[in-house]
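First up is the structure itself, then whatever we jot down about it.
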Amino acid sequence: MNKLRLIIAREYMSIVGRKSFIFMTIGLPLLFILVAAVPAILAYFNDKGSDTQQIAVIDETGRYAAALHSDDMYNFVAVRGDTVTNAREFYDKAGGGLDAIVIIPRNVDSTGVVNIFSEGTITPALASTVRSALTDTIENAHLADMGIPNLQEMIDKAHVDVDVRSIKWSEQGEQESSTDAAMGLGLLLSFITYMFVLMYGAMIMTSVIEEKTNRIVEVVVSSCRPFQLMLGKIIGVGLVGLTQMAIWIALLAIVGTIAGSVLGISSMPTDAISAEQMASAADMGAIESIMRQTLSINYGPIILNFVLYFIGGYLLYSSLFAGLGSAVDQASDSSQFTTPVILIMIIALYAGIACMDNPSGPMAVWCSIIPFTSPVVMMVRLPFGVPTWQLLLSIGLLFATALAIVWIAARIYRRGILHYGQKTSFGTLFKWIK
Amino acid sequence: MAYLDINNVVKRYDGHTALAGVSMQVPEGCIYGLLGPNGAGKSTLIRIINRIIAADEGTVTLGGKAMTDDDITRIGYLPEERGLYKKMKVGDHIVYLGRLKGMTKADAVASMRWWLKRFDLQGWENKKVEALSKGMQQKVQFIATVIHRPPLLIFDEPFSGFDPVNAEQLKVEILALRDQGSTILFSTHNMASVEEVCQQITLLNHSQVVLSGSVDEVKQQHKKNIIAVQTPDTIEPNDALFTLLPPDPVVRDTRIMLAKGVLVRDAIAWLNDHYLLTGFTEVLPSMNEIFIETVKSQSNTLQSNE
């Protein structure tokens, strides 16, 4: 046991002490933020970079030109329709001073068609700006034309957004269940499992191959059992992963607290509620509902099961990676063995995503019982509730398989770490297992 | 009573037999040479002694008791292909391997410092292994092998890659360890170093012991009754007593091989009567010659048997 502890400690420190670990732990979340922010940044520079376009609006109806408001991007200049007979001439006369001409035809009320002319490119952004501005204005004008008193109020009264609340009959009585929140949570958990297993499985394999190629392994196994070394590695790297996760959760909590306090202050002066905040109040119902759903999820069992599946899945795949890593001389030879393993993982992830639509369907059930896919797929099903017998069967199978794989991997590992030279085939692996 | 007693050890792999009933007795406090060409089974035997792999048949006893897994703390092993964790600090690395062999942290640290000083590596304790030169890395490997003062040391080609100065220092250290009571199993191809340090040897070839005993005995067994004669005269052949051999290209003395049944003193008496002798020495074969001769003759017999 003492040796195992030494090995775990060395393995742990050898990764946590590295610069790349610190970089990964701090850098990865930053990278995520960056990736999320890139479209906004790009859009910002896109808007910023281009000059304001000059758009002439020829309004033959004389009613709607005012609907187009100028902003940083477009400067709409209304031109009375009866003064222009030929749009092309008008455009040419401007001598390049115009970027486009919007023509609102006389019959727009009946056809609903508005034309934009230009020699240059007409951007989708311009088209959609014009469309959204005119649609509302024309529609409102039509309603006003009907001359029905209090029409707007009637419409507002008639308007309805159907909010579907799913209520589950459980032993605790009626519970509002939680489709959106459950889906989000399930996906998050399955993705965490998938990422963790792949990342740290690969890390274990690298560590095994490194020990083998720099020939330290023979010295180490003359001091401990190969199984102790393998297990020490798996546990050590697993602890590294948990450390990393703990740091991420801590970071998330810090960022959350800061963001929360900043937002909280900005919404404090209630006497100065802007129109926008009024509008967002309408969305509060939806947010509240999601909040209520999120709170209604029964987290205790989910966390317990998540931990169980997490350990089982990690044990299964990491020992697989350790065993396969021991069979090759250098990292570049490992792909023939890792490809099938990674493929299974990817299948598991896709099965998990596919199961979201029907978490109790046959595919979801089967994939959440088969040990190689269950750690990922069951995560998707957990928040929706899973029959106890399926859970027990699945966890039992997972751990039985994981232990079998550890045993098999240990047998491969024992032979593999001292095997140099000729390439190992799957046939050789089977011989080693026997 | 041998300290390390290997009795009829057999190891089979899928296709072939790596060890076909090998026995070897290593006395306590002795430097014992384990010799043999590549693929003879030396590494397999060493791994069995280290309990890295298990023998299919036979026993290994250490200090009179059958070996168990706990006994590996009593062995220090320097493999032929040896490496270090490149990213670890020198001191941490040595202490880690010492503690894996059962030392307490305090003991391991103290011993590590003592050895680093002895090898002039004091300044390197907190440097990473990858910053060391190859020669220094080999010293670190040696220190990691002996740090827990094991009663049995196994060195597989310890001198390979060392420059002559460092090789000499290593030899002195190995002899010192022997003098302090360690038993040393020494596997090598380098026959010159065998003659310098080994008292006894076992020669493995094709998974079997083909020769064993003390270095002196083995040399006596393989001597060919050759005498180097120092004389200013030119000796003519005398078929009844000896045949002339081509002179040694380096020493330029005259070499004769005695005919069968002729005693050294008879041949020398006759020579002394006829020539002016200034000296003579019996020429014993070098371990190198014995090694090549034994391995070659065995492969000839194997071929003729097939």
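Bear in mind that the values in this text are calculations on the coordinates, not laboratory data. Everything numeric in this text was worked out from a predicted model, so none of it was measured. Here the Cβ positions follow ideal geometry from the backbone for every residue, glycine too, while neighbour counts run over all protein chains shown.
The figures follow:
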| item | result |
| --- | --- |
| Formal net charge of residues neighbouring B:Pro158 (Cβ-Cβ distance under 14 Å; K, R +1; D, E -1) | -3 |
| Charge dipole magnitude, Cβ of K and R +1, D and E -1 - the protein assembly as shown, Cα centre, debye nearest 20 | 2760 |
| Neighbour-count ranking [beta-carbon atoms within 10 angstrom, fewest first] of A:Phe372, B:Phe155 | A:Phe372, B:Phe155 |
| Value of relative contact order over the range A:53-140, rounded to a whole percent, pairs C-alpha under 8 Å and six or more apart | 32 |
| Candidates B:Thr104, B:Thr231, B:Thr59: whichever shows maximal mean-square fluctuation once chain B is modelled as a Gaussian network with Cα springs under 10 Å | B:Thr231 |
| About the Cα centre, charge dipole magnitude for the range B:2-219 (Lys/Arg +1, Asp/Glu -1 at Cβ), debye | 900 |
| Phi-based couplings in Hz for the range A:116-130 (Karplus 6.51, -1.76, 1.60; Gly and Pro marked x) | 10, 10, 6, 7, x, 7, 9, 6, x, 4, 5, 4, 6, 4, 4 |
| Most mobile of A:Trp169, A:Trp366, A:Trp407 in a GNM of chain A (Cα contacts under 10 Å) | A:Trp169 |
| The range B:224-283, dipole about Cα centre (Lys/Arg Cβ +1, Asp/Glu Cβ -1), debye to the nearest 20 | 200 |
| Long-range tail of P(r) for the protein assembly as shown (Cα pairs > 33 Å, %) | 69 |
| Selection from A:Leu308, A:Phe191, A:Ala43 lying farthest towards where the dipole of chain A points positive, charges on Cβ | A:Leu308 |
| Ellipticity estimate at 222 nm from DSSP helix runs (n ≥ 4, -39,500 (n - 2.57)) divided over chain B, nearest 500 | -10500 deg cm²/dmol |
| Cα gyration tensor shape of the range A:107-255, rounded if a/c is under 1.5, else prolate or oblate by comparing a/b with b/c | oblate |
| Degrees separating the helix A:335-354 axis from the principal Cα axis of chain A, which is the longest one | 50 |
| Neighbour-count ranking [beta-carbon atoms within 10 angstrom, fewest first] of A:Leu143, B:Leu4, A:Leu6 | A:Leu143, A:Leu6, B:Leu4 |
| Least to most buried among B:His93, B:His16 (fewest other Cβ within 10 Å first) | B:His16, B:His93 |
| Descending semi-axes in Å of the range B:224-283, equivalent ellipsoid built from Cα gyration tensor | 16, 13, 10 |
| Over 23 Å between alpha carbons, listed pairs B:Lys42/B:Lys86; B:Lys42/B:Lys89; B:Lys42/B:Lys296; B:Lys128/B:Lys171 | B:Lys42/B:Lys86; B:Lys42/B:Lys89; B:Lys128/B:Lys171 |
| Cα pair distances in chain A, grouped into 10 Å bins until the bin that holds the longest one, percent each | 4, 14, 18, 17, 15, 13, 10, 6, 2, 0 |
| Net charge of Cβ neighbours under 15 Å - reference B:Ala18; Lys, Arg +1; Asp, Glu -1 | +2 |
| Stretch gain in nm, segment A:Asp163-A:Gln330, where the contour uses 0.36 nm per residue and the Cα spacing is subtracted | 54.4 nm |
| For B:Leu153, residues with placed amide H under 5 Å, excluding near neighbours | B:Gly76, B:Thr183, B:Ile184, B:Leu185 |
| Calculated from backbone phi, Karplus (6.51, -1.76, 1.60) coupling profile of the range A:223-230 in Hz, x at Gly/Pro | 10, 8, 6, x, 5, 4, 5, 5 |
